[in-house]
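The values are calculated or read from the model by the stated rules, or taken from the named source; none is laboratory data. Since the model is a prediction, treat every value here as computed from it, not as a measurement. Cβ placement follows ideal geometry from the backbone for every residue including glycine, while neighbour counts extend to all protein chains displayed.
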């Protein structure tokens, strides 16, 4: 592919954030948009994620982003002209402790006030939603039927294909090695394939965002955490229709429409690293968690395990906005494990911010200034 | 967690030899094999092997297996070798060097070896043609298992695809089992296997169609025939396709080393066409770039069972030596002897390809 | 006999000929409602394309055996000829329709099942291969004689090739139909299609098509797919990334794993 | 039966004769041999029908590492019959689709 020497917009990172921003920029009329990806599109955190989509959040900001994204997901296959594998089977939240159930109900009140129809369900109903569920030890459940999941690969590729049709250029196997700043403004980027002169750079580098930011002289408090996932062979759908999720149980488990069951949990001790290794300990732990809540899954075989990186921030909320120190340097990072589900909306917001300077949802509080000022927005609903 | 000094993965000719060699020096060995019956491909070979006396030349493969089993019995009774049959290694975990395996389907176990010999053998290549997933299209290895281990005939009329040694030998074995060979197809203009193996089947009236390939398997539920096509040197069709009647299409289009766990271990790998795929770089004692992992046999590059057995000896010797078993004199003497045998086995016309391949992956030593 | 002749002699148009020409590009791109294309390159005694044309765009025949000629300045894309031509040789292509990548085709149709408005249909080329999908936006019956005109939106770069539609899927040509990934049932045609779109590493193909994600973990298909990538992109086999190989090498029951590996 | 009775080189050490059922039909095999081999000996070559394209599949790799011979054995789907030993009275069924996981306690 011929090299792009100048561009109006350079997006760093071909994950869901990068492709969604590039697509929305082009859709809103921007031209000369280039996406740089150091491996292949979707190879980073996006392609390794659990792919859940939910509006059941504990802060107003995340609820707004969550429901807005969900609404975009509901028509995304049509918009992008390619199936994104959306399956709205609901999130069934499982609380094992009274305090956890109280938090869920508290969040539910917030969600309900915003039109998100989360409700408390009984054990009996939970077992109807998820036949074979073994959760007699749970104290309560909440359920939102519009939550669900989509295929992260297909969604990313659908964005990529739609963006390409609008003229966006993608360079894969192209790593950003420097951000050039002159007089407090972005003027270009260097990459392993050559330089690009550009007045706008969007940092959507996921777990590597803090390094890209540093290249522009911006310090971010982001750090990366390795999370592992297992997936089973496909069996007929119906073993775990909803996304089962628990904060104290520390798991998320769901069956994809294709039939495989996918499961993950938070690592103990938050291993901060950039490896994508896999451990036997995780495979065993996750097998225990899955077979405990879904005993009928005992005979289903695990076919693959992998890991991906969560791009964490101190309050587990994303960082969106333009850098104070460097004009033209935009950030869409720090999604703390929820970048896939929020991307359809944050892609729109970032494109609006870049092109118009304002957004249809106020996102000022997501600026990284909050870490200096101490105005953190702590999200309780995180696995 | 279980522990062992040396874990040998794969109980075929290479793995058995590695285990025996390491145990002969006093090492404690665990031998893991996925099959219900130990011996790998050896136990399916009814033909007599080439080579010299040391490699049991003139003895049938399955009887060579018996010889190795007998040797194994002694070490088993002494507790030096523990054999785990029906156990498939499922993963190598780089962070702590642990190998996981399953016993049958229902028991899962972890083991932490100090040294590993990967003797995982080969897997069969497939080729694309229409209907290639129809029941009746079988791999040559599968047919050998069915026929020579369990005594079940795969069908009545077999079309063999590929005239390398496997295609030729399995054709002969099929005839021994009373099955008709409709034809042997070879896409190249020359058979790939030993000439004498070809002559054995030709003289019994089996046509070997050079410059022919399979285009399509015929049949709705199971194979009832095939469409074959003559091709030129660039594999372009010449003349009209022909139809043959058969109920089995046997694919013997080559093997490729089984090296999943070598990838998982982060061993330095290289694509070497002469060795039929990606193989681990290794030193003259078969040690990979990973200091605790050795390779032997087809997993190190596709070759003959006779050289696999010697390679297994080398790897077993070196792995045991790395644990300080054996005296320098013994090690020197044995490795010199094994290297001599290997170079003899690879000296001929047929070994030329192997020699070219090995040049690309053998380094002197990893500096250890 | 050349391949072109072989094809032509079996009813496949391979190049412009008298009686089968394309509209002038400038006019075509600007003319709302589209322009007619007639593919009638053989001298036969027939003229309904002319007699059914309300604007005189299909010129009068000197000899009824002549092949049709069109005055494109007069064509309004009304598709009356499309619905009348006994040979189903007329179609209308409207390049002004929809987005920059779309075009509308008005195609004659006399087969069951009849496509419905909004339906996603297979679009086939002159040899009956499905080359893309199209969306039906209208179905009319101009002469009330059961010959329908189907208005279908297709990718703009396919208007030179799409010549009919079919409800459902069309089996691809035989070679493309070979099953390559046995576990996930992916065909060579699908793999080639995505390689051509630039998905030329094993990992990308795995993610978009699921090849190699099944229980065999790509044992059977990896090499065939990478050879195909090599063939199409010209990259030497040894330089194409193999993709990551993860445990377990063989699927393991959750129940067995859950009991832990300390034995 | 497609059994090799006489062979110029080999002698087969077969297990005890046992009865089993294929899709309800009673068949005979040898204890300990792979289910797939027992079926082949009885002339059965179609073991499953694939989920998407509904294509018949049978014996293929013989080492438990492809998905060709998945069958429902005693109610359990996705059993690799080429590496699973036959036992007395086994109920072996053709698998259609991805395999239905039996409810707990079934």
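Structure above, values below:
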{"item": "Subset of segment B:51-101 (residues that are within 14 Å of another protein chain (Cβ to nearest Cβ), assigned to a loop (DSSP other than H, G, I, E, B) and touching a residue at least 60 places away in the same chain (Cβ under 8 Å))", "result": "B:85, B:94, B:97"}
{"item": "Qualifying residue in segment B:137-150 (condition: assigned to a loop (DSSP other than H, G, I, E, B) and closer than 29 Å to residue D:56 by Cβ)", "result": "yes"}
{"item": "Residue check for residue C:11: within 30 Å of residue A:162 (Cα to Cα), modelled with pLDDT under 90 and surrounded by fewer than 17 Cβ atoms within 10 Å (Cβ to Cβ)", "result": "no"}
{"item": "Enumerated helices (runs of 4 or more DSSP H) restricted to segment C:172-263, each holding at least 3 residues that are more than 8 Å from chain B (Cβ to nearest Cβ), surrounded by fewer than 20 Cβ atoms within 10 Å (Cβ to Cβ) and out of contact with any strand residue (DSSP E or B) (no Cβ under 7 Å at 6 or more places or on another chain)", "result": "C:188-196, C:222-233"}
{"item": "Subset tally (residues that are more than 9 Å from chain B (Cβ to nearest Cβ), assigned to a loop (DSSP other than H, G, I, E, B) and more than 24 Å from residue D:103 (Cβ to Cβ)) for segment D:21-52", "result": "5"}
{"item": "Scan of segment A:19-63 for residues that are part of a strand (DSSP E or B) and farther than 13 Å from residue A:152 by Cβ, ordered by number", "result": "A:33, A:34, A:35, A:36"}
{"item": "Residues of segment A:225-254 satisfying the condition of being closer than 24 Å to residue D:51 by Cα, more than 14 Å from chain D (Cβ to nearest Cβ) and assigned to a loop (DSSP other than H, G, I, E, B)", "result": "A:242"}
{"item": "Odd one out for residue A:179 among (1) farther than 26 Å from residue A:58 by Cα; (2) not in a strand (DSSP E or B)", "result": "(2)"}
{"item": "Subset of segment A:291-321 (residues that are outside any loop (DSSP other than H, G, I, E, B), in contact (Cβ under 8 Å) with a residue 40 or more places away in the chain and more than 30 Å from residue A:348 (Cα to Cα))", "result": "A:292, A:293, A:295, A:296, A:297, A:301, A:302, A:303, A:304, A:305, A:306"}
{"item": "Candidate set from segment B:102-131 (those that are outside any loop (DSSP other than H, G, I, E, B) and within 7 Å of another protein chain (Cβ to nearest Cβ)); member that is surrounded by the most Cβ atoms within 10 Å (Cβ to Cβ)", "result": "B:108"}
{"item": "Filtered residues of segment B:210-224 (kept if touching a strand residue (DSSP E or B) at 6+ places or on another chain (Cβ under 6 Å) and surrounded by 18 or more Cβ atoms within 10 Å (Cβ to Cβ))", "result": "B:212, B:213, B:214, B:215, B:216, B:217, B:218, B:223"}
{"item": "Given (1) away from chain C (no Cβ under 14 Å); (2) surrounded by 22 or more Cβ atoms within 10 Å (Cβ to Cβ); (3) in a loop (DSSP other than H, G, I, E, B), number of the condition residue B:178 does not satisfy", "result": "(2)"}
{"item": "Any hit, segment D:75-90, residues being more than 7 Å from every other protein chain (Cβ to nearest Cβ), buried (at least 18 other Cβ atoms within 10 Å of the Cβ), over 18 Å from residue C:251 (Cα atoms) and without any contact (Cβ under 8 Å) to a residue 24 or more places away in the chain", "result": "no"}
{"item": "Failed condition for residue B:3, given (1) within 14 Å of another protein chain (Cβ to nearest Cβ); (2) under 21 Å from the mean Cα position of the chain (by Cα); (3) within 30 Å of residue C:258 (Cβ to Cβ)", "result": "(2)"}
{"item": "Residue list for segment A:210-255, restricted to those being without any contact (Cβ under 8 Å) to a residue 40 or more places away in the chain, more than 19 Å from the chain's Cα centre (by Cα) and within 30 Å of residue A:140 (Cα to Cα)", "result": "A:234, A:236, A:237"}
{"item": "Helices (runs of 4 or more DSSP H) (entirely within segment A:79-168) containing at least 2 residues that are under 24 Å from the mean Cα position of the chain (by Cα), at pLDDT 95 or above and more than 14 Å from chain C (Cβ to nearest Cβ)", "result": "A:98-113"}
{"item": "Unmet requirement for residue C:80, which otherwise passes all of (1) closer than 24 Å to residue C:144 by Cα; (2) without any contact (Cβ under 8 Å) to a residue 60 or more places away in the chain", "result": "(2)"}
{"item": "Residue tally, condition outside any loop (DSSP other than H, G, I, E, B) and away from chain B (no Cβ under 14 Å), over segment D:1-17", "result": "0"}
{"item": "Condition check for residue A:284: free of Cβ contacts under 8 Å to residues at least 12 places away in the same chain and either surrounded by fewer than 23 Cβ atoms within 10 Å (Cβ to Cβ) or within 14 Å of another protein chain (Cβ to nearest Cβ) (or both)", "result": "yes"}
{"item": "Complete set of residues in segment A:329-383 that are free of Cβ contacts under 8 Å to residues at least 40 places away in the same chain, over 22 Å from residue A:16 (Cβ atoms) and in a loop (DSSP other than H, G, I, E, B)", "result": "A:357, A:358, A:362, A:374, A:375"}
{"item": "Residue D:61 being touching a residue at least 12 places away in the same chain (Cβ under 8 Å), closer than 16 Å to residue B:152 by Cα and either buried (at least 23 other Cβ atoms within 10 Å of the Cβ) or facing chain B (nearest Cβ under 10 Å) (or both)", "result": "yes"}
{"item": "Residue in segment B:279-289 that is part of a helix (DSSP H, G or I) and either closer than 18 Å to residue B:30 by Cα or modelled with pLDDT of 95 or more (or both) present", "result": "no"}
{"item": "Residues of segment C:18-36 classified as assigned to a loop (DSSP other than H, G, I, E, B) and surrounded by 15 or more Cβ atoms within 10 Å (Cβ to Cβ), total", "result": "6"}
{"item": "Qualifying positions in segment B:181-207 - surrounded by fewer than 18 Cβ atoms within 10 Å (Cβ to Cβ) and either at pLDDT 95 or above or touching a strand residue (DSSP E or B) at 6+ places or on another chain (Cβ under 8 Å) (or both)", "result": "B:188, B:189, B:190, B:202, B:207"}
{"item": "Selected residue (only one of C:198, C:189 is over 17 Å from the mean Cα position of the chain (by Cα), modelled with pLDDT of 90 or more and farther than 12 Å from residue C:93 by Cα)", "result": "C:198"}
{"item": "Of residues in segment B:135-153 being more than 7 Å from chain D (Cβ to nearest Cβ) and in contact with a strand residue (DSSP E or B) (Cβ under 8 Å, 6 or more places away or on another chain), the one farthest from residue D:70 (Cα to Cα)", "result": "B:140"}
{"item": "Residue check, residue C:88 under 19 Å from the mean Cα position of the chain (by Cα), under 30 Å from residue C:194 (Cα atoms) and surrounded by 15 or more Cβ atoms within 10 Å (Cβ to Cβ)", "result": "no"}
